[in-house]
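Below is the structure I would like to discuss, written out as structure tokens.
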Amino acid sequence: MATRETPKHDALVAELKNRFGAKILDVDRSFDDCTVIVDKASIHDVLAFLKNERRFNLLLDIAGVDCMNLPKFRERFEVVYMLYSIPDVVRVRIEVPVSELDLDIPTATDLWKSANWGEREAFEMFGFNFVGHPCLKRLLTHHEFVGHPLRKDYPLMGGQWCATTSDMTEELNEPR
Amino acid sequence: MTDKISIQEFVPKEAPPRYSSRDFDSDVDPKRDDFDEGLTLPDINTTPMFINIGPTHPATHGTFRVYAQLEGETVEKAGVDVGYLHRGFEKIVEVKQYNQVIPYTDRLNYCSGLTNNVAYCKAVERMMGIEVPPRTIAIRVIIMEIQRIMDHMICCGTNIVDIGALTNFWYFYNARDKLNDVLEALTGARLTYSYTRVGGLAWDLPEGWREDVKAALKEVPAAIKDVRGLVAKNRIFQDRTRGVGMISAEDAISFGWTGPCLRATGADLDLRKVRPYYGYDQLDFDIPVGANGDVYDRVIVRIAEMEESLKIIHQMIDRVPDGPINIDDKKVTLPPKDKVHTSMEALINHFKLVIEGVQPPPGRIYDATETPNGELGFYIISDGSGHPYRIKVRPPCFYTMNTLKFLVEGGMVADIVAILGGLNVIAGELDR
């Protein structure tokens, strides 16, 4: 079933493939959504292209995924960027496979300010290292918490004893 | 990463000079207009003061913490600490069935639980290719708009209370209580409704419910009129909120704002208009937008949105079609209870569905709904089993809270409270 967005997705996918070639690993169009799977090496270029030249001005969310128990996957982890273009009324998702052995990924905070907390949450939940992030600290969990709770090998039950209060100096001095 | 500052650096090496009222020019008459000009203060060696607001503070309406470095009454720097209500929603739902997630969604934005129910079910249904019956769609639209009114009443009421005007709170809560009675008659609960199911609703409307809704809605315009009359042109309220916590539309979009907070800056992004679902494009309503993106505009936009929601409910309430409320699919909807007790096929069907749950096809979906706070999105990964492989919630106030540091820095301490109330940050959906 085609929606109003389908032709926009077609055009966008063609353009991305044309411009980035083999760096676009795959495209998933199931459920009328548009997901572009991008190689980690050029993720920042793709995001900057979408932001600056294709008017994707809203970074809605950043989700981490642990693909360990999925039937097939490229790398163990994935970072998913939900983008939305207010002027063009079109959504797109960008997925980046991230190896367990190399969790570094360039930050998107220079493109969208919303990436700040989105990346902090993905960092604490999965352990990605967003290179260049101004304040990559734990956000929802306690600052003494050990481990990355949304990984599939993190146990569901159990707890950790966290006692001290954060002094917040890094948050205080985070540049505007 | 910037260098750490030590609080010790700001402790003066010698005690600040003490001064008394005798140091001031005694000729100055305090009643004179130029009193301030005649006042000469000695150089005061001020040291920054660090204060901690929250995590349990009456004005935070939830559990989060603002740590502020003050210079006099001005906030020089602020750090925002969240996560005090983190319950691991995204971890626990991975071992639940799709229908068992619905009560957890109630606890996201607990001021409008029904909207979260609908948003979640809408996402799962799109994944499974389910078209819910027209009666269900009409009921869902009505309860979502009732919840929008109720959520805005809480937000505006408490925001104005924080600034110091208590009466408005009672006006809104009187009307809100009537609406809550209506929803209690429908769902049996006043806070955590859990009314929707994948493929439909838990049960049909009770008898006479539509008349109850109409009666309850009569209270709302009066409450709006009262509050707007007390607030909109009120000099004290305007002084307190105009120009406070201002943000441009461009910055707000960069920060990922959606919903009434973004619309207060002048950007008219409303998913009900730009990406309509559930027949919102057939309905007649407007999108109120502000101009300055300050606390005042956020309150006024919300009050105006309540009127638009009223319009939607009045259009829908008499147009609820007859028919089933659940889709006719044995893999989604439980069989009727009397059949379960009398028919073997229905019993097996019931057993299989309860044990295995609904099973969306493998894949990934992101589905967003315009909730009272903004865009609530569910990113769901299914591996084809009865349990979601991963659910990522996109809570609207997570990204407005991200901005709080930038809104309060440079302002006054008292403005933190006004800004925090205007953003309508709900800890349940912020921390999940």
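Could you grab me the full set of residues in region A:100-129 that are without any contact (Cβ under 8 Å) to a residue 40 or more places away in the chain and closer than 20 Å to B:PRO395 by Cβ?
A:THR109, A:LYS113, A:ASN116, A:TRP117, A:ARG120, A:PHE123, A:GLU124
Can A:GLU119 be described as surrounded by fewer than 22 Cβ atoms within 10 Å (Cβ to Cβ) and not aromatic (Phe, Trp, Tyr)?
Values: surrounded by fewer than 22 Cβ atoms within 10 Å (Cβ to Cβ): no; not aromatic (Phe, Trp, Tyr): yes.
No; evaluated as a whole, the condition is false for this residue.
Residue pairs, Cβ under 8 Å, 6 or more apart or interchain, first in region B:336-365 and of a type in the set (Val, Ile, Thr), second modelled with pLDDT of 90 or more and surrounded by fewer than 17 Cβ atoms within 10 Å (Cβ to Cβ). List them.
Taking only residues 6 or more apart or on different chains, the pairs are B:VAL340/B:LEU347.
Test of understanding: among A:ALA22, A:ALA2, which residue is at pLDDT below 85, exposed (fewer than 13 other Cβ atoms within 10 Å of the Cβ) and either within 24 Å of A:ASP104 (Cβ to Cβ) or among the basic types (Lys, Arg) (or both)?
Details: A:ALA2 fails: either within 24 Å of A:ASP104 (Cβ to Cβ) or among the basic types (Lys, Arg) (or both).
Matching residue, one of A:ALA22, A:ALA2: A:ALA22.
OK, next. Out of region B:123-152, which residues are acidic (Asp, Glu) and either within 18 Å of the chain's Cα centre (by Cα) or within 19 Å of B:SER309 (Cβ to Cβ) (or both)? Walk me through it before giving the result.
At the first step, the residues of region B:123-152 found to be acidic (Asp, Glu) are B:125, B:131, B:145, B:151.
The answer is B:GLU145, B:ASP151.
If you take just the helices (runs of 4 or more DSSP H) that sit entirely in region B:205-258, which of them hold at least 1 residues that are more than 14 Å from chain A (Cβ to nearest Cβ)? I'd like the intermediate steps shown before the answer.
On the way: elements: B:209-217, B:219-231, B:235-241, B:249-254.
Fully inside region B:205-258 and qualifying: B:209-217, B:219-231, B:235-241.
Those residues that are under 29 Å from B:VAL408 (Cα atoms) and in a helix (DSSP H, G or I), I need them from region B:259-287; list them, please. Show your work before the answer.
Taking region B:259-287 first, the residues under 29 Å from B:VAL408 (Cα atoms) are B:259-271, B:287.
Hits for region B:259-287 are B:GLY259, B:PRO260, B:CYS261, B:LEU262, B:ARG263, B:LEU271.
Going through B:ASP322, B:ASP281 one at a time, which residue ends up being surrounded by fewer than 21 Cβ atoms within 10 Å (Cβ to Cβ), over 20 Å from the mean Cα position of the chain (by Cα) and in contact (Cβ under 8 Å) with a residue 60 or more places away in the chain?
Values: B:ASP281 fails: in contact (Cβ under 8 Å) with a residue 60 or more places away in the chain.
Sole residue among the options that is surrounded by fewer than 21 Cβ atoms within 10 Å (Cβ to Cβ), over 20 Å from the mean Cα position of the chain (by Cα) and in contact (Cβ under 8 Å) with a residue 60 or more places away in the chain: B:ASP322.
Another question, if that's okay. I'm told A:LYS137 meets every condition in (1) touching a strand residue (DSSP E or B) at 6+ places or on another chain (Cβ under 8 Å); (2) at pLDDT below 90 except one. Can you identify the failing condition by its number?
Status for A:LYS137: all satisfied but (1).
Can you tell me which residues in region B:233-279 are among the acidic types (Asp, Glu) and closer than 22 Å to A:LEU47 by Cβ?
Those that are among the acidic types (Asp, Glu) and closer than 22 Å to A:LEU47 by Cβ: B:GLU250, B:ASP251.
If you don't mind, there's one more thing I want to ask. Check whether at least one residue in region B:322-345 is in contact with a Ser or Thr (Cβ under 9 Å, 6 or more places away or on another chain) and of a type in the set (Val, Ile, Thr), and report yes or no.
yes
So in region A:145-173, with the set limited to residues that are part of a loop (DSSP other than H, G, I, E, B) and facing chain B (nearest Cβ under 7 Å), which one is surrounded by the fewest Cβ atoms within 10 Å (Cβ to Cβ)? Walk me through it before giving the result.
So in region A:145-173, the residues part of a loop (DSSP other than H, G, I, E, B) come out as A:145-168, A:173.
When the remaining residues are screened for being facing chain B (nearest Cβ under 7 Å), the result is A:149-150, A:156, A:166, A:168, A:173.
Details: A:PRO149: 19, A:LEU150: 21, A:LEU156: 10, A:SER166: 16, A:MET168: 22, A:ASN173: 17.
Per the criteria, the residue is A:LEU156.
I've got another one for you. Quick check: is even one residue across region B:255-273 surrounded by fewer than 23 Cβ atoms within 10 Å (Cβ to Cβ) and either under 29 Å from B:TYR173 (Cβ atoms) or of a type in the set (Phe, Trp, Tyr) (or both)?
Yes - at least one qualifying residue is present in region B:255-273.
Still on this structure, I have one more. Among the listed residues A:GLU119, A:GLU124, which satisfies the condition of being closer than 28 Å to B:VAL75 by Cα, among the charged types (D, E, K, R), in a helix (DSSP H, G or I) and more than 8 Å from every other protein chain (Cβ to nearest Cβ)?
Working: A:GLU124 fails: closer than 28 Å to B:VAL75 by Cα.
Testing whether each residue is closer than 28 Å to B:VAL75 by Cα, among the charged types (D, E, K, R), in a helix (DSSP H, G or I) and more than 8 Å from every other protein chain (Cβ to nearest Cβ) leaves just A:GLU119.
To continue, here is another question. Looking at B:LEU179, B:LEU191, B:LEU183, which is the one that is touching a helix residue (DSSP H, G or I) at 6+ places or on another chain (Cβ under 7 Å) and at pLDDT below 90? Let's see the steps before the verdict.
Numbers: B:LEU179 fails: at pLDDT below 90; B:LEU183 fails: at pLDDT below 90.
From the options B:LEU179, B:LEU191, B:LEU183, the qualifying one is B:LEU191.
Confirm whether B:GLY290 is surrounded by 18 or more Cβ atoms within 10 Å (Cβ to Cβ), in contact with a Lys or Arg (Cβ under 9 Å, 6 or more places away or on another chain) and part of a loop (DSSP other than H, G, I, E, B).
Working: surrounded by 18 or more Cβ atoms within 10 Å (Cβ to Cβ): yes; in contact with a Lys or Arg (Cβ under 9 Å, 6 or more places away or on another chain): yes; part of a loop (DSSP other than H, G, I, E, B): yes.
Against the criterion (surrounded by 18 or more Cβ atoms within 10 Å (Cβ to Cβ), in contact with a Lys or Arg (Cβ under 9 Å, 6 or more places away or on another chain) and part of a loop (DSSP other than H, G, I, E, B)), B:GLY290 qualifies.
Looking only at residues in region B:358-407 that are surrounded by fewer than 23 Cβ atoms within 10 Å (Cβ to Cβ) and of a type in the set (Gly, Ala, Ser), which one is nearest to the chain's Cα centre (by Cα)?
The extreme case among them is B:SER382.
Tally time: how many residues in region B:259-302 are in contact with a Pro (Cβ under 7 Å, 6 or more places away or on another chain) and away from chain A (no Cβ under 13 Å)?
Count: 3.
Go through region A:41-70 and give me each residue that's at pLDDT 90 or above, surrounded by fewer than 20 Cβ atoms within 10 Å (Cβ to Cβ) and touching a Ser or Thr at 6+ places or on another chain (Cβ under 7 Å).
Answer for region A:41-70, where residues must be at pLDDT 90 or above, surrounded by fewer than 20 Cβ atoms within 10 Å (Cβ to Cβ) and touching a Ser or Thr at 6+ places or on another chain (Cβ under 7 Å): there is none.
Now, a different point. Going through region B:104-131 one residue at a time, which ones are surrounded by fewer than 21 Cβ atoms within 10 Å (Cβ to Cβ), away from chain A (no Cβ under 11 Å) and among the basic types (Lys, Arg)?
B:ARG107
Give the number of residues within region A:81-112 that are more than 16 Å from A:GLU53 (Cα to Cα) and acidic (Asp, Glu).
Of the residues in region A:81-112, 4 are more than 16 Å from A:GLU53 (Cα to Cα) and acidic (Asp, Glu).
For B:SER254, work out the one condition from (1) of a type in the set (Gly, Ala, Ser); (2) free of Cβ contacts under 8 Å to residues at least 12 places away in the same chain; (3) over 30 Å from A:ASN116 (Cβ atoms) it doesn't fulfil.
Among (1) of a type in the set (Gly, Ala, Ser); (2) free of Cβ contacts under 8 Å to residues at least 12 places away in the same chain; (3) over 30 Å from A:ASN116 (Cβ atoms), B:SER254 violates only (3).
In region B:352-362, is there at least one residue being touching a strand residue (DSSP E or B) at 6+ places or on another chain (Cβ under 9 Å) and of a type in the set (Lys, Arg)?
No, region B:352-362 contains no residue that is touching a strand residue (DSSP E or B) at 6+ places or on another chain (Cβ under 9 Å) and of a type in the set (Lys, Arg).
If you scan region B:76-103, which residues turn out to be over 30 Å from A:PRO175 (Cβ atoms), within 14 Å of another protein chain (Cβ to nearest Cβ) and either in contact with a Lys or Arg (Cβ under 9 Å, 6 or more places away or on another chain) or not in a loop (DSSP other than H, G, I, E, B) (or both)? Can you show your working first?
Applying the first criterion (over 30 Å from A:PRO175 (Cβ atoms)) to region B:76-103 yields B:87-89, B:91-103.
Filter again for within 14 Å of another protein chain (Cβ to nearest Cβ), leaving B:87-89, B:91-96.
Passing the criteria: B:ARG87, B:GLY88, B:PHE89, B:LYS91, B:ILE92, B:VAL93, B:GLU94, B:VAL95.
Counting just the residues of region A:29-79 that are assigned to a helix (DSSP H, G or I) and over 17 Å from the mean Cα position of the chain (by Cα), which one comes out farthest from the other protein chains (Cβ to nearest Cβ)? Can you show your working first?
Taking region A:29-79 as the starting set, the residues that turn out to be assigned to a helix (DSSP H, G or I) are A:30-32, A:40-53.
Okay, now just the ones that are also over 17 Å from the mean Cα position of the chain (by Cα), so A:30-32, A:52-53.
Numbers: A:SER30: 5, A:PHE31: 5, A:ASP32: 8, A:ASN52: 12, A:GLU53: 16 Å.
Taking the candidates together, the pick is A:GLU53.
The values are calculated or read from the model by the stated rules, or taken from the named source; none is laboratory data. Bear in mind that the values here come from a model prediction, so they are computed numbers and not experimental data. Note that we place each Cβ from the backbone using ideal geometry, even for glycine, and neighbour counts take in every protein chain shown.
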